1. Which of the listed residues, A:His154, B:Leu286, B:Thr209, is farthest toward the dipole's positive end in the protein assembly as shown, when Lys, Arg count +1 and Asp, Glu count -1 at the beta-carbon?
2. Just want the ordering: B:Lys107, B:Lys141, from fewest to most Cβ atoms lying within 10 Å of their own Cβ.
3. Return the distance in nm (one decimal) between the two label points of a simple spin-label model at C:Met158 and C:Thr136, each offset 7 Å from Cα along Cα→Cβ.
4. Can you tell me the order of A:143-156, B:155-168 when each peptide is scored by its average per-residue count of other Cβ atoms within 10 angstrom, highest first?
5. With a Förster radius of 56 Å, plug the Cβ-Cβ distance of B:Val293 and A:Arg54 into 1/(1 + (r/R0)^6) and report the FRET value to the nearest 0.05.
6. According to the Kirkwood expression over distinct Cα-Cα pairs, how big is the hydrodynamic radius of chain B, in Å?
7. Quick one: Cα centre-to-centre distance for region C:163-202 and region B:31-62, in angstrom?
8. Other chains' Cβ within 10 Å of A:65-71 residues: what's the mean?
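Derivation of every value follows stated rules applied to the coordinates shown; laboratory data play no part. Predicted, not measured: the structure shown is a model, and the values here were computed from it. Cβ sites come from the backbone with ideal geometry, for glycine too, and all protein chains shown count toward neighbours.
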Amino acid sequence: MTSPHEGPQEAPIVPPEPGTIADTFREVLRDIEFTATQGVGDVILIIARDDVPRVLRAAKDNPRLDLKYLRCLLGVDHMDGGLEVVYQLYSFTRRHGVTIKTRLPLDDSRVASAASIWKGADWLERETAEMFGITFEGHPNPVPLLLPEDMTDHHPLRKDNPFAQVEEWQGLRLGDEASKVGHIPAGYESIAGEGGEEDGG
Amino acid sequence: MSALETFFDNVWIDALWRLLAVLGLMVLVVLALTWIERKFIGRIQMRLGPMRTGPFGIMQPIADMVKILLKEDLRPATADRLVFELAPFLAFVPVFLTLLALPFTAKWGVRVLDLGLLYFIAVSGLTVLGYVFAGWASDNKYGLIGALRTAAQLISYEVPLVLAVLALAMLAGSLNLLDIVEKQGRVPFIVWQPLGFFLFMAAAVSDLTRRPFDVAAAESEVAGGPWIEFSGIRWSILYALTEYTNMFALCVLGSLIFLGGWDWPLGLKWGWWWQLVLIFAKTMTLILVIMWVNGTFPRVRVDQLMSLCWKLLLPLAFAQIFLNGLIIVYGWPDWTFLLTSGLALAVAGYVVYSVIPVGAPSRIVVRSGA
Amino acid sequence: MATELDRELETLDINVNVGPQHPATHGVFRMVLTVSGEKVVDAVPHIGYMHRGAEKLSEGVDYRQGLIFQDRTEYLAQFNAEMCYCQAIERLGGIEVPERAEYIRVILAELNRITSHYMFAGAFATDLGVYGTAFTYAFREREYIQAIFEAVTGDRMMYGYFRPGGVVWDVTDDFKDRVRWVCKQTRVGIDDIDRLLTKNEVFLTRSLDIGCISKDDAIDYGLSGPMLRASGLQFDLRRDEPYSIYDRFEFEIPTGTRGDVYDRYLVRMEEMRQSARIVEQAIEQMPDGPIMPEKAPRRLRLPPGEIYMRTENPRGEYGIYLVSKGGEKPYRLKIRSACLSNLTALKQMVVGHYVADAVVILGSVDIVLGEVDR
C-alpha cells in the first residue's frame, strides 16, 4: 500500500535570470504584480485573478510579446490553496513562451474567459469548467464538452472526488470485507495480500 | 420435319425458349460476375478475395445467394406497400428487357429488331423509375434525397449516352444491331469514333452508378440511398442483380457497336463458336475495365458529377454528331472520322488536364532552413 | 446567395447527424450539420463519447504505472505519447537516459509516426471513396512495421515499452537489419500510394481548396502538426524545441502553402519520407550499452515542481503538463491533446462547403478519439 509519507510539497519559487520574458512582461505592464519563477524549461508568471484579462490581452496583442499561440489551458485543484488556472503561451515570431497561472478561491471560482482572445480557448475552457467547476465569465458557450450535457454539478477532477487514491477508494468501498478470505478467488491465494511493494516493469 | 420442329416453329414457343435461354444466361452471368468482381477487386487491393467457399471461392456467389434468400423480408410499417414491392421489379425488368434485343451471334438473339439500338436505350431508361419508387416508398427522408439524386444522375447521363450512340448510328446508317455489327467486318467502329467510345463508357459507368460516379451509394454516409430500407432478396434484385445485368447488357452493347461484336475479326467466316468467343471476350474486357476503374478512383461529388455531364460530356457528344454529319454529308473518306474524332478527344483531354492543376504537388515546400 | 427564387420559396434547413457510429473510420464522434440544400451552414461537433478519465486515473497510480494511460489515449501513435510522458518525468526528475535507450526510443517513435500516417492515408482515401485499394496498400506497409513492434515489445498495440529513464528491455538481435529493410520498403510503399492518389484527377478535384484555413486562424485556434504546417507555418517541435536526441538528425520540414485538404495530405506523405530518413540515421548511430540508468530507484519519486513537456506527435503537439508535489504519484497530469485543438477549427473549415466535403475535411484532420476525449 503506497501512501505519501510526507504531505504534498510545493516547489520553491526560483526567480528567473534577468532577460527572460518575465522582464518583458513587467516592462509592458508596469502596474501589474507578477510573481515570476523559473520552472523546468519555461518561466512561470503568477498573477492575480482580476489581472487575467489585461495580461492575456497584452500577451497576445503587444508586439514585444506576440504570444499568439495558446498551447494549453488547464485547471489544477490545490485543495486548500484554491483552484488554479494555467495558461501556456507561445510566440512563433519571437520564439519565446511563458506559463501564466492564477489562483481562484474555492468558494468563488470565477475568472474571465480567454475565448474572445484566442479562438482555441473556447473548448479548452469548457473542459476546464466542467472538470473543476470553474466559471469562465464571458464564455460564449459554456456547456460541458466531454461529460454528458446534464452533468453540470459533478466536477470529476476535483480532489475531493474519491478516485484520487485508487487503493484508498477500494478500501473505502470494500472496507473490512477486503481482508476476508472468502473474497479472494480460488487460485489467487498466493498473491492475495500483496500490495504495490514489488518494483519492476 | 418432325412434330418437334413444327412445335418449335411456333412463334410463341420459339420466343419462350429463347427467353428462358437468356434468363439462364443472365443468372449464370450474374453469378459469374459476382465472383469475378470480388476476385478482381481483391487482386487490385492486394488481397486474394474469396478463397474458402469451394476451390478459389467459386461457390461464393452461391453462398451469397443462399444468404440473401434466407434473410428476413423487412418492410417499414409506414412504407407504401404496393410501391415498395414494385420498386425492385421496376428497376430490374427493363434491364432484362434490354437483353432481349441483343444478338449474341450472327444467327442467335431473342429478337433482332430493326430499331434494336433505339429499343435498348429507350427501355434501359426505365430503370430510373425503379430507384425513384424505391426511395419514395421507403418513407425515409434520406432515402428520398438519395433516390432523387440517383434519378438526376441517371437521367442526366442518358443524354450523352444516347447522343454517342446516335452518332454511331449515323455512321452505320442503321439502328439494327445486326447491320451495325456486319458493317464492322473490316474495321471496328472504335477506330472511327474514339470520342464516341469514351462518351459511351463514361455514360455507361454512370448509368451503372459505379465509381467514380457512385454518388448514390456514397450518400449512405450522410443521406442514405434509394435502397436504404431494402434487405434480403429485394435488395438483391434492386442492387446486385440490376447492376450486374445492366453491366453485362451495356458491355455487350458496347462490344457490339464499338468493338466489332462477333464479327471482327473473321467472325462470319469461322462459325458460331468463334463468334461466341469473340463477343464474350470483348464483353469481359469492357467489364474488367469498368471494375478496374471501380477499384482505383475516388468518387466525385454530386455537383461535380452534374457539371461533368452537362459541361463536358454533352458538348462533346454534340461535337461528335456534328463532325459525323459533316463527314457523311460531304462524303469525305472514312479516315476523316478517325482524324476528327481523335482530335476532339485529344482536345477534351487537354481541357480536362488544364482545368485540374496536375502540377499541384510542387506546392509543398520542403526545406530545413531556420 | 439570396436570389429572388430563394426569397419566394420557403426552404428548410435540415439537420444531418453524422455519427456517433461513423461509417468513416474515425471513431465515436458526432457532428451535427445544418444543411441548406447541399451547403453546410453550421457544424457542431459533439465529443466525449470516449472519455475515460485518463487524467484522473493518472493521479491515482504512480509514475511507472501511469504510462499505460498514454498508450490508451493516443492509440495510433503510442510510442510518441509514451515518449512525451517519459520525457516529462525525466526532465522534472533530472533523470538521465542512456544513449542506447534514446536511440531506440527515437527509432520506434518515428516508425510509429510512419504507421500513423499510413493509417491516415488509408482512412482518408476511404473517406474520399477509393474502394479500399489505398487502405489495403497502407495496411500492408503498416504490417511490416508492426511486426518489428511486436518482436520488440510483444504487443501489437498497447506497447507500454518505454519507462521513465529508458526502455524496459533491449531490442532483438536482428533489430538493425529489420529496421534497415523496413526503411527501404517503406519508401516503396509510400511511392505506391503516391502513384495511386497524388495526381489522380478525381482526388485533386475532391481535395484542392477544400477546408482551407489561413495561417493566422490556425495559430489562433491552436492547431499544430501537419495541420499547422499545411497552412504555411514551418514549425516542428523536433527542430524548434528539440527533445530527446532529435537535434542530432538531419531532416526537413514539409510545409504547405494553401492550408487545404490536399496540402495536409501532401505534408503527411512527405513527413513519412523524412521519418524514414531519421530512422536510417538513427540506426547507423545507435550505440551499444545499457537501456536503463544504473541507479534506477526502486520507487520513483519526483521533486516538487511543474513542467509542460511537448512533443511532435503525428497529429500535432502532444503535451503533458505535469504537476508534482513530491511523492510517487502525479498531483495533476494534464494531457494536451493535439486532436482536440485541431478539432476546434472544424466548424470554420466545414461551413460553406458541401456535405460530402465535410467528411473529407474531417478525415484530413486525422483525429484519434482516444486522444480527443482522453
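1. B:Leu286
2. Least to most surrounded, the residues fall as B:Lys107, B:Lys141.
3. Here the answer is 3.1 nm between the modelled labels.
4. On the way: A:143-156: 14.9, B:155-168: 21.6.
Answer by packing, highest mean first, reads B:155-168, A:143-156.
5. After rounding, the FRET efficiency stands at 0.35.
6. Averaging 1/r across every pair of different Cα atoms and inverting gives 22.3 Å.
7. Region C:163-202 and region B:31-62 have Cα centres spaced 31 Å from each other.
8. Details: counts 0, 0, 0, 3, 11, 5, 9.
That average works out to 4.
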